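Every read-out reported here was derived from the displayed coordinates using simple, explicitly stated rules and does not represent laboratory data. Only a predicted model underlies this, so the values are computations on that prediction, with no experimental measurement involved. Here Cβ is always computed from backbone atoms with ideal geometry, including for glycine, and neighbour counts include all displayed protein chains.
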Amino acid sequence: MLKAVDGLAKRVEGNDQIATYDEFHAKAQQMVLSSEARRAFAIDQESERLRERYGRTTAGQSMLMARRLVEAGVRFVTVNYGGWTTTRRSSRTSTRSCPSSIAASRRSSKI
């Protein structure tokens, strides 16, 4: 995620078209490209132990990212993790990864 934000920052910094954005676009750009946002997206700054506790799955790392965003001051965060599925393998994967991620999130949360 941090690489994507950094890449976007390089593409839009100094771009004359940015001046034509309306107030909301400018505010969104400031929020996403701010140093605070970059720090929040730098999930690799978390300890390996904590990242393992959340689980090295899409769900686990997404929940850890959500926690980092909340700690950075974001008021509303949504974590999307696939959708409903009837395949046995996917069901097993999601039931194994989500509970440990949720438990880790609750243990490390200060809210």
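Key figures
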| read-out | value |
| --- | --- |
| Sites K27 and L50, calculated FRET efficiency, Cβ-Cβ separation with R0 30 Å, nearest 0.05 | 0.45 |
| Using a Förster distance of 35 Å, the FRET efficiency for V77-N15 (Cβ separation, nearest 0.05) | 0.80 |
